[in-house]
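**Q** Structure incoming, see below.
The values are calculated or read from the model by the stated rules, or taken from the named source; none is laboratory data. Being a predicted model, the structure only gives us computed values, none of them experimental. Note that we place each Cβ from the backbone using ideal geometry, even for glycine, and neighbour counts take in every protein chain shown.
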Amino acid sequence: MPYPLQSAVFQWEQGARRLREADTREANRRVNRVMDELRRRLGSTFTAEELADAYGEGTSWADQLSGMESWIVDAAFHRYLREARNYAGGRAPAEPDPTRS
């Protein structure tokens, strides 16, 4: 089942906010470790929706990389979102409206 992109982006933005507040070298190092693993898992060609689905499948694989802090994982997903092929203008695409054709 697809993970709602809007929900994922909200969570990721919260992680990015905490990262900005923490602004420590160690926190950024852990974010980069999670991003490296995301790159290995998703590759360099992915959509924002695929990233959200990967998030929805679970992030237990990132526990050791993040120091068991979920906001680090969220910040990494937020940063990796910028590399999605359908990420434009600093915003993830809106989810399609199922009532419109």
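**Q** Given Tyr55, Tyr87, which one is closer than 25 Å to Glu21 by Cα, at pLDDT 95 or above, in contact with a helix residue (DSSP H, G or I) (Cβ under 7 Å, 6 or more places away or on another chain) and of a type outside the set (Asp, Glu)? If you could, list the steps in order and put the result at the bottom.
**A** Details: Tyr87 fails: at pLDDT 95 or above.
Going through Tyr55, Tyr87 in turn, just one is closer than 25 Å to Glu21 by Cα, at pLDDT 95 or above, in contact with a helix residue (DSSP H, G or I) (Cβ under 7 Å, 6 or more places away or on another chain) and of a type outside the set (Asp, Glu): Tyr55.
**Q** Let me ask you something else. If we scan the range 63-71, do we find a residue that is surrounded by 11 or more Cβ atoms within 10 Å (Cβ to Cβ), outside any helix (DSSP H, G or I) and at pLDDT below 95?
**A** yes
**Q** Which members of the range 6-61 meet the condition of being surrounded by fewer than 17 Cβ atoms within 10 Å (Cβ to Cβ), small (Gly, Ala, Ser) and part of a helix (DSSP H, G or I)?
**A** Within the range 6-61, Ser7, Ala22, Gly56, Ser60 meet the criteria.
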